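The values are calculated or read from the model by the stated rules, or taken from the named source; none is laboratory data. Only a predicted model underlies this, so the values are computations on that prediction, with no experimental measurement involved. All Cβ positions, glycine included, derive from the backbone under ideal geometry; neighbour counts span all protein chains shown. Only protein heavy atoms, including side chains, enter the accessible area calculation; ligands, DNA and RNA are left aside. Shrake-Rupley method; radii C 1.70, N 1.55, O 1.52, S 1.80 Å.
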Amino acid sequence: MTLQGLTILGATGTIGVNTLDVASRHPERFRIIALTGQSQLDKLAEQCLRFAPRYAVVLDAAAASVLSAQLAAAGSATEVLYGADALAQVATLPEVDMVMAAIVGAAGLPPTLAAVRAGKRVLLANKESLVMAGELFINAVRASGSVLLPIDSEHNAIFQALPADYHGDLSAAGVDKIVLTASGGPFRGWSAAQLAEVTPAMAVKHPNWVMGRKISVDSATLMNKGLEVIEARWLFNAPPQAIEVIVHPQSVIHSMVRYRDGSVVAQLGTPDMRTPIAHALAWPDRMDAGVAALDFASLSALTFEAPDTTHFPCLRLAFDALNAGGNAPAVLNAANELAVAAFLDGQLAFTGIPTLVETALTRFAGQGSDSVDALLACDHEVRAFCRQKLA
Ligand code: NAD
Ligand code: MG
C-alpha cells in the first residue's frame with residue numbers, strides 16, 4: 001500500500017484528535033506531514049512528539065518560539081511555522097495527498113481553498129467554508145479536479161446513500177429529497193422562558209456527540225442544521241426545496257436519501273465521528289475506525305419529529321439566507337460566529353443569538369459575492385457591525 005501524506009488543519013480540536021486516532025491505527029497507509037493548532041500548544045507538542053510530522057503550524061511568532069523550544073528540547077525534528085500563509089503552505093505541499101480541513105469557522109476558508117486549488121483530496125469538516133463561499137468553493141473543486149469528501153456525519157451519510165457515481169444531478173439519479181437528521185440538541189422541547197436562562201456550560205454539553213464549543217452551541221440553537229442545509233446545497237447540488245430536516249434525537253440514522261420510487265436509503269451507526277473520518281480517509285476502500293458496532297438490541301427506539309423553528313429560529317434564518325443567495329450565507333455565518341463567541345463570553349443571552357443574526361442579515365444581505373476577498377471583507381464588516389451592536 002502506498003503511504004498517503006496527510007496534513008491536519010486544526011489537529012488539536014475534536015475532529016483533529018479523532019483523525020489522528022483513526023490514522024494511527026493504519027501506519028501502513030498514512031504519514032502525517034503537518035499538524036496545525038491555534039492554542040493548546042502543549043497538546044500540539046505532544047502530537048508532534050508522537051506523530052513526528054515534518055511541520056507544525058501555530059498562529060503567531062510568540063507561539064512558534066514556545067513550541068520550537070519545547071520540541072527542540074525533546075529532540076524533535078518537526079519544523080515550526082506560523083501564520084495564515086503557513087497554513088496554506090502545509091495544505092499544498094507536493095508530499096501532501098490529503099488535507100483534513102478541521103479548523104473551526106471562517107479562519108478555515110483560506111487554507112481549505114488553497115488545498116482545493118492544489119488538487120488535494122480534501123476531507124471537509126469545516127462546514128463554514130462552504131457556507132461562506134459555496135459556489136466559488138465548488139467551482140474551484142471542479143477546476144482543479146480535487147476530490148472533496150464530507151466529514152460532517154450527515155453529509156458523509158448522504159454521500160454514502162447516493163449512487164457511487166453521483167455527479168451532481170439529483171433528478172438523473174432518481175432522488176426526490178435529501179433528508180438531514182438533527183438531534184434537536186440539548187434543549188429540544190424547552191419553552192421560551194427556559195431558553196432565555198440557558199448558560200454556556202449548559203449549551204456546550206451535547207447529548208450524543210462530544211464536539212468543540214462553537215459547534216456545540218450551533219447544535220443547541222439548530223444553527224448547525226441550518227449551516228448543514230447550506231453545506232448540502234453545495235456538496236450535492238441540491239436546490240433548497242430538495243432538502244428536508246427531521247429531528248431524530250438518538251443520532252443513529254445520520255441522514256437519508258429519498259428516491260423517486262419510494263425507497264429511502266439511510267446510513268446508520270454509533271454516533272462517533274471516527275466513522276465518517278475513516279470513510280473519507282480510506283475512500284473508496286473501507287478500513288477499521290475503532291468504533292463500537294451498532295448494537296440494535298440495545299436501541300430502545302428510533303423516533304422522529306418535525307423541527308421547532310418557532311423556538312429555534314436559526315434553522316429558518318439559514319433557509320432564508322440560502323434562498324436569498326449572494327452574500328447572505330456569509331453574513332449569516334459571520335454574525336453567528338460573533339454571536340456564539342459573545343454568548344460563550346457571557347455577553348449575549350442564548351436567545352439573543354438568532355436576533356443578532358437576523359439583524360445582520362437585514363442590514364447586509366443582498367450584496368455581491370463574486371470573489372473570496374469580497375466574502376472575507378463582508379465577513380469582517382459583519383463582525384464589526386455585530387460587535388458594535390453588542391457594545
Ligand atoms: P474544535 O474547537 O474542537 O477545534 C478547532 C480547531 O481549529 C483547533 O485545532 C483550533 O486550534 C483550530 N483553530 C481555531 N481557530 C483557529 C484560527 N483562527 N486559526 C487557525 N486554527 C484555528 O472544533 P471541532 O469540533 O473539531 O470542529 C472543527 C470543524 O469541524 C468545525 O467547522 C465544525 O463545524 C466541524 N465539525 C465538527 C464535528 C464534531 O463532531 N466535532 C462534526 C461535524 C463538523
Ligand atoms: Mg453534522
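Summary of computed values
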{"item": "The chain: antiparallel DSSP beta bridges as a percent of all, rounded to 5", "result": "25 percent"}
{"item": "Under-22-angstrom lysine pairs by C-alpha in the chain, whenever the two are 8 or more apart or on separate chains", "result": "11"}
{"item": "The chain - accessible surface per residue (Å², probe 1.4 Å)", "result": "41 Å²"}
{"item": "Relative contact order, percent, the range 4-151 [alpha-carbon distance under 8 Å, six or more residues apart]", "result": "22 percent"}
{"item": "Alpha-carbon centroids, the range 351-380 and the range 206-274: separation in whole Å", "result": "24 Å"}
{"item": "Accessible surface of the chain, 1.4 Å probe, proportion on carbon and sulfur as whole %", "result": "53 percent"}
{"item": "Rg over Rh, two decimals, the range 158-390 (C-alpha only, Kirkwood Rh)", "result": "0.98"}
{"item": "Sparse-neighbour loop sites [GluC sites (Glu not before Pro); the range 1-85; at most 13 other C-beta within 10 Å; DSSP]", "result": "28"}
{"item": "Contact order relative to length of the range 309-369, as percent, for alpha carbon pairs under 8 angstrom and 6 or more apart", "result": "42 percent"}
{"item": "Dipole of the chain, positive end: most advanced residue of 104, 319, 51 [Cβ charges, Cα centre]", "result": "51"}
